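Working notes, beginning with the structure itself.
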Amino acid sequence: MKRVYNFSAGPAVLPLPVLERARDEMIDYRGSGMSVMEMSHRSKEYMAIIEAAEAKLRTLMGIGEDYAVLFLQGGATLQFAMLPMNLITDPATQSADYIMTGSWSEKALAEAKKIFADVRIAASSKGVNYSRIPRQEELTLNPDAAYVHMTSNNTIFGTEYPYLPETGNVPLIADASSNILSRPVEVAKYGMIYAGAQKNLGPSGVTVVIIRKDLMGRKANLPSMLDYQALAKEGSMLNTPPTYAIYILGLVLDWVQEQGGVAAIEQRNIVKANKLYAAIDASSFYLCPTEPESRSRMNVPFTLAKPELTDAFLAGAKGAGLVTLKGHRSVGGMRASIYNAMPEEGIDALIAFMHEFERTQA
Ligand SMILES: Cc1ncc(COP(=O)(O)O)c(C=O)c1O
């Protein structure tokens with residue numbers, strides 16, 4: 001067996017101890033005589049798994065009792081629509097603010113426009129190809145907005161908020177798909193945080209929604225599967241939840257706890273990201289398109305001063321066991337996604353390859 005360093009933006013690398021534990025428990029989960037995949041979601045064993053997953057997330061993130069934690073399906077993408085469907089009670093008169101920082105913000109905005117008319121853009125960095133995060137003073141916020149939507153980390157463009165937007169009494173909603181659990185956050189400052197699991201939390205198939213309870217149940221007669229209140233009431237079990245994905249998510253949360261929790265993970269992420277950005281900045285052979293203050297600790301895009309060498313870089317990297325480094329087409333070049341589960345040795349191996357490539361190709 002050979003494991004590579006997988007820099008995929010998502011689904012992404014999982015901690016090896018999590019995969020090993022899942023392997024060991026695959027056929028006979030802790031004496032139950034069956035796999036978690038084969039279990040009724042209403043069984044005693046499975047109820048313990050989902051309840052523990054929620055409790056662990058609450059502890060790790062410091063989520064108060066005034067917030068519901070939901071394990072949903074449909075990806076972060078469904079949240080782009082569910083959010084306005086639940087929070088906009090009068091589509092004819094209400095408005096919400098969107099801070100535009102990349103392709104995922106654009107997708108969130110496009111879905112909102114299908115639900116209500118007055119979707120406002122509070123700020124956008126599209127003019128500079130989303131290479132930076134708009135600052136607080138650039139946000140034109142409507143004090144009567146139903147909510148403010150932000151993408152806390154921009155997976156494609158490699159930017160991340162260096163500050164928390166101040167929105168007064170207007171609930172702040174964050175798509176944290178690509179940086180949840182990578183740094184401590186003050187949950188109480190948000191109306192809702194949502195994230196597809198497939199980067200920092202586990203496999204694809206489950207989406208975590210952390211929502212202030214008073215924001216649920218505002219809109220009557222929603223289809224049950226699109227209604228936060230109805231889903232919360234049934235403990236995310238209005239129908240069969242993505243049982244196996246939630247089980248793996250629980251193992252990932254155990255691993256985060258074993259690493260010392262989110263604050264300790266953040267310190268490791270700072271070290272990893274600083275090393276990689278320093279290697280890029282140290283050489284004119286490599287270029288980073290993002291403004292230094294807005295740089296993401298999770299997704300690091302970089303290009304070559306000689307772009308014609310990009311394919312050779314990717315092929316050489318692959319040969320060295322460094323895979324899925326191809327950049328998104330809207331940025332080009334390379335993108336190293338270095339989520340929580342990417343070990344520091346993976347960064348070191350990438351930097352060593354970058355030095356060697358530059359030495360032989362420059
Ligand atoms: C920031 C962000 N939001 C939303 C999505 C879409 O997530 P999903 O595929 O779970 O719908 C992604 C996926 O990469 C993402 O990075």
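The values are calculated or read from the model by the stated rules, or taken from the named source; none is laboratory data. Remember, it's a predicted structure, so these values are computed and weren't measured experimentally. All Cβ positions, even for glycine, are placed from backbone atoms using ideal geometry, and neighbour counts span all protein chains on display.
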Q) Would you pick out the residues in the stretch 292-314 that are part of a strand (DSSP E or B) and within 24 Å of Pro134 (Cβ to Cβ)? A) Arg295, Asn299, Val300, Pro301, Phe302, Thr303
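Quick check, is Tyr161 within 16 Å of the ligand (Cβ to nearest atom) and surrounded by 15 or more Cβ atoms within 10 Å (Cβ to Cβ)? Write out each step before concluding.
On the way: within 16 Å of the ligand (Cβ to nearest atom): yes; surrounded by 15 or more Cβ atoms within 10 Å (Cβ to Cβ): yes.
Yes; evaluated as a whole, the condition is true for this residue.
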**Q.** Scope the stretch 282-299; condition closer than 20 Å to Asn153 by Cα and surrounded by 17 or more Cβ atoms within 10 Å (Cβ to Cβ); matching residues
**A.** Cys288, Pro289, Thr290, Ser294, Arg295, Ser296, Arg297, Met298, Asn299
Q.
Please go through the stretch 194-212 and give me each residue that is more than 9 Å from the ligand (Cβ to nearest atom) and out of contact with any Phe, Trp or Tyr (no Cβ under 9 Å at 6 or more places or on another chain), ordered by number.
A. Leu201
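For Tyr161, state whether it is modelled with pLDDT of 95 or more, closer than 28 Å to Gln73 by Cβ and touching a strand residue (DSSP E or B) at 6+ places or on another chain (Cβ under 6 Å). Talk me through it step by step, then tell me what you get.
On the way: modelled with pLDDT of 95 or more: yes; closer than 28 Å to Gln73 by Cβ: yes; touching a strand residue (DSSP E or B) at 6+ places or on another chain (Cβ under 6 Å): no.
Considered against the rule, which asks whether it is modelled with pLDDT of 95 or more, closer than 28 Å to Gln73 by Cβ and touching a strand residue (DSSP E or B) at 6+ places or on another chain (Cβ under 6 Å), Tyr161 comes out as no.
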Q. How many residues are away from the ligand (no atom under 16 Å from the Cβ) and either in contact with a Leu (Cβ under 9 Å, 6 or more places away or on another chain) or not in a loop (DSSP other than H, G, I, E, B) (or both) when one looks only at the stretch 166-183?
A. 5
**Q.** Among (1) of a type in the set (D, E, K, R); (2) part of a helix (DSSP H, G or I); (3) farther than 28 Å from Ile248 by Cα - the single one Arg329 does not satisfy
**A.** (2)
(Q) Please go through the stretch 62-113 and give me each residue that is more than 12 Å from the ligand (Cβ to nearest atom) and part of a strand (DSSP E or B), ordered by number. (A) Tyr67, Ala68, Val69, Leu70, Phe71, Ser95, Ala96, Asp97, Tyr98, Ile99, Met100
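Taking the options Ala317, Ala279, Ala349, Ala336, name whichever one is surrounded by 23 or more Cβ atoms within 10 Å (Cβ to Cβ) and in a helix (DSSP H, G or I). Walk me through how you get there before you give the answer.
Details: Ala279 fails: surrounded by 23 or more Cβ atoms within 10 Å (Cβ to Cβ); Ala349 fails: surrounded by 23 or more Cβ atoms within 10 Å (Cβ to Cβ); Ala336 fails: in a helix (DSSP H, G or I).
The match here is Ala317.
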Q.
Suppose we keep only residues that are touching a residue at least 60 places away in the same chain (Cβ under 8 Å) and either surrounded by 18 or more Cβ atoms within 10 Å (Cβ to Cβ) or more than 23 Å from the chain's Cα centre (by Cα) (or both) within the stretch 129-145. Which one would you say is nearest to the ligand (Cβ to nearest atom)?
A. Ile133
Q: Scan the stretch 230-247 residue by residue and report those that are β-branched (Val, Ile, Thr) and outside any helix (DSSP H, G or I).
A: Thr240
